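Worksheet for the structure shown next.
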Amino acid sequence: EKGLKDEKELQSYFIGRMEKFLNSKGRSIIGWDEILEGGLAPNATVMSWTGEAGGIAAAKQKHNVIMTPQTTGNYFDHYQSSSPQEPVSFGRYANLDETYNYDPVSKQLSPDEQQYIIGTQGNLWTEYVPTVAKLQYQIMPRLFALSEVAWSKPENKSYTNFAEVRLAKHFARLDALHYNYRVPTAQTAIDTVVIGAKFIDTLRSVVPGAKIYYTLNGRDPLDTDLEYDGPITFIVPENEKRELRTRVIPPPGRRSRATLTRMRNHAV
């Protein structure tokens, strides 16, 4: 009856029909980037979630776009690191710096086309979010990073300043509100293997009032272990190894995941 060739044209017909209905009520239609399949409705706004390609295609067709790709740190239900200590989450993992460094205005678009990128968004699906505490853990501090993506000019952004200075103020506010959040690991402490005979580890935390605990015996640290109070020097004899594990524990009792640095002095 409608002369539609396949299910994509059927979907496009349906979206177009619904758009006319919504327009008649003084409203506009918005949809995930699947609504590109079979042809876009005339005034639709596209949410580009499967990646950036859908949003780029829609902007080139002069449609408004909200960039919210699952491939760029915008999905807050994803893991926040590759550590097995992270709570069960969904899909890939996205570090805080990936969220912060995202630019929703693609360089593949001309200056005229870029005006159709009207914003960005973070998404949190709750299949793996059974509690409010887990919800808050998933979105903070990533929400602060995305806020700067949305509201700051790229040339004014600095991840170093964000992570080492401004986050502290956000954490202080969250503590005052008794909100949960993901505690960042100690700065300079990362999961890695380093080779050499001497190492000096200098650690710090951006969480106000937090203490850093560490172990040298292969156990993940607790607040009953050694408290960091200054640079730690390791002398590693030839053909031996040492391990440094660290954890940040703020006053309210939250804690970061533990980090593990393996130091080895192996002859090359």
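Given a Förster radius of 45 Å and the C-beta distance between W32 and E238 as r, what FRET efficiency does 1/(1 + (r/R0)^6) yield to the nearest 0.05?
0.20
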Everything considered on the Cα gyration tensor (a ≥ b ≥ c; rounded for a/c under 1.5, else prolate if a/b is larger than b/c, else oblate), segment 42-162 must be described as prolate
Of all trypsin sites (Lys or Arg not before Pro) in segment 66-147, which ones are in loop regions per DSSP and have a Cβ with at most 12 other Cβ atoms within 10 Å?
K107
Rounded to a whole %, the carbon-and-sulfur portion of the accessible area of the chain at a 1.4 Å probe is 53 percent
Measuring from label point to label point, each 7 Å out along Cα→Cβ, what is the T71 to D103 span in nm?
1.7 nm
Could you grab the relative contact order for the chain? Cα pairs under 8 Å, six or more apart, rounded to a whole percent.
12 percent
So V194 and K134, fully extended at 0.36 nm per residue minus their Cα-Cα distance, gain in nm 18.2 nm
Over the chain, give the accessible area per residue in Å² for a 1.4 Å probe, as an integer.
55 Å²
What are the GluC sites (Glu not before Pro) within segment 47-136 that DSSP puts in a loop, where the Cβ has at most 16 other Cβ atoms within 10 Å?
E127
Which value in nm describes the separation of the simple spin-label points at E227 and L177, placed 7 Å from the Cα toward the beta carbon?
2.9 nm
Mind checking which of Y228, L40, V193 is farthest towards the positive end of the chain's charge dipole, using Cβ charges of +1 (Lys, Arg) and -1 (Asp, Glu) about the Cα centre?
Y228
Net length gained if the chain between H266 and F21 were fully extended (0.36 nm per residue, minus Cα distance):
81.1 nm
Would you work out if the chain is rounded, prolate or oblate? Take a ≥ b ≥ c from the square roots of the eigenvalues of the alpha-carbon gyration tensor; rounded if a/c is under 1.5, else prolate when a/b is larger than b/c, oblate otherwise.
prolate
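The values are calculated or read from the model by the stated rules, or taken from the named source; none is laboratory data. Small disclaimer: the values here were computed from a predicted structure and weren't measured. Every residue, glycine among them, receives a Cβ derived from its backbone with ideal geometry; neighbour counts consider all protein chains shown. The area values use the complete protein model at the heavy-atom level, side chains included, leaving out ligands, DNA and RNA. Shrake-Rupley method; radii C 1.70, N 1.55, O 1.52, S 1.80 Å.
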